[in-house]
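Just below is one structure, and these are the notes that go with it.
A short reminder: the numbers here are calculations on the coordinates, not readings from a lab. Only a predicted model underlies this, so the values are computations on that prediction, with no experimental measurement involved. Neighbour counts run over all protein chains shown; Cβ positions are idealised from the backbone, glycine included.
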Amino acid sequence: MTGKGRFPLFSLVVVALLPVLAGPAAAQTGDVRGQVKNGEGQALPGITVKLLQAGSKDAREEKSDAEGRFHFNGLKGGVYIITTSPDGYVPVTCPGTRIVGGTDRSFELDLRPDGGEPSTCTAAPAS
């Protein structure tokens, strides 16, 4: 099966196995989600939340929805930093969180008005 214009048998086997081999790699993603609230526990919609993978210069951004929720999905394994610095509030940065295959992480960002107490980031237990 190695004649001119034909694939070797090995190539055909590799091509046939590509979907099987790609499956585990696709499963190696995770999600980071959370909610943005003010110091009184009320949801803050429209807040830009940034997610940066350690060692990368490219940040992803999401705006919190009407319930203050944000969601970054399909993240490759690695360490990620969450940050937000909206006008009128003390900026907050969540320390690096590790994403490994299939990991989801949740955070609550509690934003405090400028000139007041520090804003906080609280992580939910790993799932």
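Sorted ascending by nearby beta carbons within 10 Å, beginning with the fewest, Cys121, Cys94 become Cys121, Cys94. Is any residue of the stretch 92-117 close enough, with backbone N under 15 Å, to a label point placed 7 angstrom from the Cα of Gln28 along the Cα-Cβ axis, and if so, which? From the stretch 92-117, the list is 99-103. Between Ala43 and Asp114, the modelled labels are 2.7 nm apart [label points 7 Å from Cα along Cα→Cβ].
Arranged from fewest to most other beta-carbon atoms within 10 Å of their beta carbon, Glu40, Glu67, Glu108 become Glu40, Glu67, Glu108.
Listing Lys50, Lys76, Lys57 from fewest to most neighbouring C-beta atoms within 10 Å gives Lys57, Lys76, Lys50.
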